[in-house]
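Read the structure below first, then the notes.
What follows is calculated from the coordinates using simple rules that are stated; it is not laboratory data. This structure is a prediction, so every number in the text was calculated from the model and none was measured.
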Amino acid sequence: MGLYNTITCCLPCPHCDETTEHEVESKFGKLNLIEYSIGEKVCWTKCDSVKNGGKPATPESSFEGYTQCSNCNKDFFVKVIICDDIISKVVPDASRNGFI
Ligand SMILES: [Zn+2]
């Protein structure tokens with residue numbers, strides 16, 4: 001438990017609108033504190049279950065991510081879009097509120 005991967009990317013903060021570099025925490029594929037960037041290939045496990053890090057059946061999949069703004073220190077959730085095994089984009093998830 002507690003393991004996740006990170007994706008370093010620039011994101012606009014939904015709280016203060018400032019675009020800064022984020023280290024998004026997300027759980028997909030092999031969980032081993034892997035540091036991804038946008039455009040990198042995802043390392044899946046050999047497991048059939050997506051929950052256990054296996055490759056999703058659909059070419060495009062979306063995973064939950066979480067990050068904190070370095071400008072206003074508030075947190076928010078993001079969607080990590082993975083397309084054909086490649087981290088395609090990370091977008092703020094306006095449907096969910098952060099904890100702070
Ligand atoms: Zn902010």
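In order along region 70-86, the phi-based Karplus estimate (6.51 cos²θ - 1.76 cosθ + 1.60, θ = phi - 60°) of 3J(HN,Hα) comes to 7, 8, 10, 6, 8, 9, 7, 8, 10, 10, 9, 9, 10, 10, 6, 6, 10 Hz; Gly and Pro are listed as x. For region 5-92, the alpha carbon positions stretch 40, 21, 18 Å along the principal axes, listed from largest to smallest.
Among beta bridges identified by DSSP and lying wholly in region 1-53, the antiparallel ones come to about 75 percent.
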